[in-house]
């Protein structure tokens, strides 16, 4: 650190009976009181350099009380004693740590050139301009020390000059910056009249981020605004600096606030203190959000989600949450499931995680990147279609570019689908999570974004286990979001033996698995053992094709899929088609009492492909055992 020494006499100040005085052959003739501390000093050395003390002495001489009181002295006892020692010629050392207090104290005492040439204010200005503002670390420390003298420093221009110096160094190539000291990478000491010796030069473009993280949020915000307005620093470096600052000040504070919210305060003072701390942290977070660069990718999605999580804990403003959600939506394909698990601290919701904010993020993500036309515009005239003009080549080129951008958007949606399905598996364990919210998140992902439904099936299975009280209609509604054609062999095997799934889903899984095996020309797999046991319990031989379906089959009316009174159908295919279609109609009426049913997801069953008779006989056997399965 840079420093400057003034004066040459040894320090002769001492304390006697709680009074500070200076050893001298001449008796003291002035009493000065600074914030409760009394000083017995001499008028001549003080008044010869301090215009303010001259005025105060002339005022107090007319009163019996000869004590000069300075209750609002900037910098307190330490700053006053530094000025007093300068007046006596006693050696004082100035550095970035005490120059601000010394400047404010000297201005208060009016130690100007008008009183005496070479006075303290002049010497401080020389040191400040030639040494402090030229060094990086000195400027950071000085700017941080202005916090205790905010009004004085603003009036004297100390704060603005420090900020301007810091910004100019950040915008300059790091090899050209004079770095007097850094706590993490660079160490050096130098006198104001000496030469600087750096042990390490900064090599990275974002070298300034860690040192600036020491500043308070007000000074940091002003400095970052000035750096951004310079327009020379890439947005990624701005983002890195913000991430360093947030990692230093936010994590532990957010945990403390969350802990304070979770316990009852013992007194009103504790509650007021917690509210004050929470408001400071909230201001810190909202200031960081306002500094985020506009460019996509300037900060990571993980960092944005951590800010959003902190915003939820600190109860930040809705505008900050909305802005963070919008930015997360732009980079949702980079998210991690753990970062999406934002705790819910709302009194209106009993869920463990804030599902609504994730749903908002997901909806905003899906609104981006509308797919371009699937084919380029064609000319109406035949000769124009055959002619390859330069403009036609440009149209084809533009179309290819749009297809590339569409592919990038499609790939990001594939990634998001995987992330959301894993997210559903995490939140499905919450017993307070409503079925409607679970389905809303699952259905936000378009069908083409899911290459398979294995992860979605796992989420549904977890939800069914965590919510055993779901009725038949709710379980059917839940399983409507599942496409059995996109289940892997392993998932099909698990689903076929899952007792919590509706019978319709089990039949659907078995059908597509058998159809897949038949289409591939491979051997049709045997039915699972539990399905065979279920058929045997109904006195049905799984190895034999069943006879015509009779209305007297002992199946409960609630689980019976066939039409009442249905007798020998024309074929097994038509029987299965009619049963599935009718059951789908019943489900639509159950889910929508006004009769306005949506398009059935099971109509694919109505177009059954031709295949081995053995496959259809097994499917019909499964149907006859519906009462036990459900």
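Summary of values
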quantity	calculated
Inter-residue pairs, beta-carbon under 6 Å, first closer than 26 Å to residue 117 by Cβ and in region 51-70, second in a loop (DSSP other than H, G, I, E, B) and modelled with pLDDT of 85 or more, 6+ apart	51/110; 51/115; 52/110
Selected residue (criterion: modelled with the lowest pLDDT) from residues of region 222-257 that are outside any helix (DSSP H, G or I) and touching a helix residue (DSSP H, G or I) at 6+ places or on another chain (Cβ under 8 Å)	250
Test result for residue 40, in contact (Cβ under 8 Å) with a residue 12 or more places away in the chain and more than 30 Å from residue 135 (Cα to Cα)	yes
So residue 162, is it surrounded by 19 or more Cβ atoms within 10 Å (Cβ to Cβ), touching a helix residue (DSSP H, G or I) at 6+ places or on another chain (Cβ under 9 Å) and more than 24 Å from residue 84 (Cα to Cα)	yes
Residue count, region 427-470 (criterion: part of a loop (DSSP other than H, G, I, E, B) and more than 27 Å from the chain's Cα centre (by Cα))	7
Residue within region 76-85 that is in contact (Cβ under 8 Å) with a residue 12 or more places away in the chain, surrounded by fewer than 23 Cβ atoms within 10 Å (Cβ to Cβ), farther than 20 Å from residue 13 by Cα and assigned by TED's automatic domain parsing to the domain that holds residue 33 present	no
Odd one out for residue 96 among (1) surrounded by 15 or more Cβ atoms within 10 Å (Cβ to Cβ); (2) in contact with a helix residue (DSSP H, G or I) (Cβ under 9 Å, 6 or more places away or on another chain); (3) farther than 22 Å from residue 132 by Cα	(3)
Verdict on residue 211 being within 26 Å of residue 4 (Cβ to Cβ), in a helix (DSSP H, G or I) and at pLDDT 95 or above	no
Matching residues, region 116-127, being touching a residue at least 60 places away in the same chain (Cβ under 8 Å) and either surrounded by 19 or more Cβ atoms within 10 Å (Cβ to Cβ) or under 15 Å from residue 80 (Cα atoms) (or both)	119, 120, 127
Members of region 43-90 that are under 16 Å from residue 120 (Cα atoms) and in contact with a strand residue (DSSP E or B) (Cβ under 6 Å, 6 or more places away or on another chain)	80, 82, 85, 86, 89, 90
Candidate set: region 102-113, residues that are buried (at least 22 other Cβ atoms within 10 Å of the Cβ) and out of contact with any strand residue (DSSP E or B) (no Cβ under 9 Å at 6 or more places or on another chain); chosen: the one farthest from residue 135 (Cα to Cα)	109
Residue that is modelled with pLDDT under 90, surrounded by 14 or more Cβ atoms within 10 Å (Cβ to Cβ) and either in a loop (DSSP other than H, G, I, E, B) or touching a strand residue (DSSP E or B) at 6+ places or on another chain (Cβ under 8 Å) (or both), where the choices are 406, 349	349
Condition check for residue 306: surrounded by fewer than 22 Cβ atoms within 10 Å (Cβ to Cβ) and under 16 Å from residue 237 (Cα atoms)	no
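The values are calculated or read from the model by the stated rules, or taken from the named source; none is laboratory data. None of the values given here were measured: they were computed from a predicted structure. All Cβ positions, glycine included, derive from the backbone under ideal geometry; neighbour counts span all protein chains shown.
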